[in-house]
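Okay, so here's the structure we're looking at.
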Amino acid sequence: MARPAGLARPAVTNLPAVPTIVPLIAYADLEQHPLVSALLDIEAGDTGDAAQRAARFLFASPMSPGEAVAHAVLSSDGPFAVAAHHGMAPADGRLAVASRELARLSKLAAGARSVLAGAGVRVDDGTSAAAPWESAAAAALRVQMAGDRAWGAHAEAVADFHATQGVGDLATHRVLRFHDGRLEGVARPDEVGMADLIGGRPRRVPLETAIASFARGGPAVDALLYGPPGTGKSATVRALAHALVPEGLRLVQVARGELDRLPDLFSRVAGAGPRCLVLLDDLVFDEAGRGDRDLRAALEGDVAARPPNVAVWATSNRMRLVHETHATRDDDIEESLGRGERAALASRFALRVHVPPLGQDEFCRMAVELARRQGRDLGAGGTAAAARFGREHSLTPRSAHHFAALAEAG
């Protein structure tokens, strides 16, 4: 209906201002992060259940709001993190964009406490020690950022962090898995230390030397640890990697069936750092698959060069890296070298370390010592009990751990 002439249009007053929602660019990926997404919704005035979503996230987190948002920033795999990882000059204009967004994110983190209070959740400020899964570099920068309410000044430090530590979980986790084409941090790594390895020191010396040199910038030396099940091959690798956590070494375990994706993994971790020890645990192939060819190509024979910051270590229960019948099994890897494609694969490893079962005396010493560490004094009959257990099971470190767990104090 037409408005009668001379009738003024009524004034529109007291309408709420519509917030201008400015999308993140440098940290576009964080718009999908549960906490950051909730805080952005609150910033935009779309309260809804945003406060409850933020509260639920932080209620289950060991970190303060500032630490949690800082951790999200450091584990970003968005545009700024990727660009910084590939190298960024000090005058790069993208630093200014990242600086503005970091200032915005720090403001959101600072306001999270009052948001949570409104939701009936009280959280503490401050910083916590490095988590068991956290890389040393990530923990140090997280603490620094959480103690500062103006993150804009940290843009260059964050860029340097990604240049040397990578992006995503690789930057923040010291132990990772590569599964279904994804690189994911392990929240609760198996804490095996060098003190947990009893005996076998001479066999470990070349491995210790090679991995320590690699972690400190030396050349990558691939290694194959072979021997019967339960002899401590995997534990040895994990302990050696754990000892080099202060050096920034990452341990990346590759799931079975992912050997054809190794070039993709290499491209994801390639760069100035961090140094990555890729673990292929319990390596074995069957006749139907051609995983050995995939691995050979990845180790040495592919058109794409291996990143210098990647070393590959494998463990195997079979010396020839193949399922075999008892009649065809050959337990001497040196004799098997030069025999067929799988022998060619074994020869790609510069270090080949045989991890045999223990002698009975060594097994007894290990079993009794493990029991002692668990607070069980087995008395004079401990050695004889351990010997019986070893004969009935196997003379391996795994059996020694089983004995220690089951033994009763004398």
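The numbers here are math on the coordinates, done by the rules we state, and not lab data. From a predicted model like this one, the values you see are computed outputs, not experimental measurements. We place every Cβ from the backbone using ideal geometry, glycine too, and count neighbours over all the protein chains shown.
So what's the net charge close to Glu31: Lys and Arg +1, Asp and Glu -1, counting the other residues with Cβ under 15 Å from its Cβ?
Around Glu31, the surrounding residues sum to -4.
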Normalised per residue, the volume of the convex hull around the Cα set of the stretch 28-173 (Å³) | 93 Å³
Based on the alpha-carbon gyration tensor of the stretch 175-297, what equivalent-ellipsoid semi-axes (square roots of 5 times the eigenvalues) come out, in whole Å, largest first?
-> 23, 19, 14
Using a Förster distance of 35 Å, how high is the FRET efficiency between Ala405 and Ser61, based on the Cβ-Cβ distance and rounded to 0.05?
-> 0.60
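Which of the peptides 90-96, 211-217 is most tightly packed, and how do the rest follow, judged by the mean count of other Cβ atoms within 10 Å per residue?
By packing density, highest mean first, the sequence is 211-217, 90-96.
Among 159-168, 239-248, how do they line up from the highest to the lowest mean number of other beta-carbon atoms within 10 Å?
Working: 159-168: 21.7, 239-248: 18.3.
Highest mean packing first, the order is 159-168, 239-248.
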Between Thr383 and Asn317, how many nm apart are label points set 7 Å from Cα along the C-beta direction?
-> 3.2 nm
Within the set of other residues whose C-beta is less than 10 Å from the C-beta of Ala311, count the net charge using Lys and Arg as +1 and Asp and Glu as -1.
-> +1
Mean Cβ count within 10 Å, highest first, over the residues of peptides 33-41, 368-376 | 33-41, 368-376
Quick calc: nm separation of the 7 Å Cα→Cβ label points for Met194 and Thr209 -> 1.5 nm
At the level of C-alpha centres, the distance separating the stretch 69-98 and the stretch 187-207, in angstrom, is 36 Å
With a Cα-only, solvent-free Debye model of the stretch 360-406, what are the log10 I(q)/I(0) values at q = 0.13, 0.20, 0.32 Å⁻¹?
-> -0.20, -0.48, -1.28
Measuring from label point to label point, each 7 Å out along Cα→Cβ, what is the Gln374 to Ile25 span in nm?
-> 6.0 nm
The summed charge of the Ala98 Cβ neighbourhood (under 10 Å; Lys/Arg +1, Asp/Glu -1) stands at -1
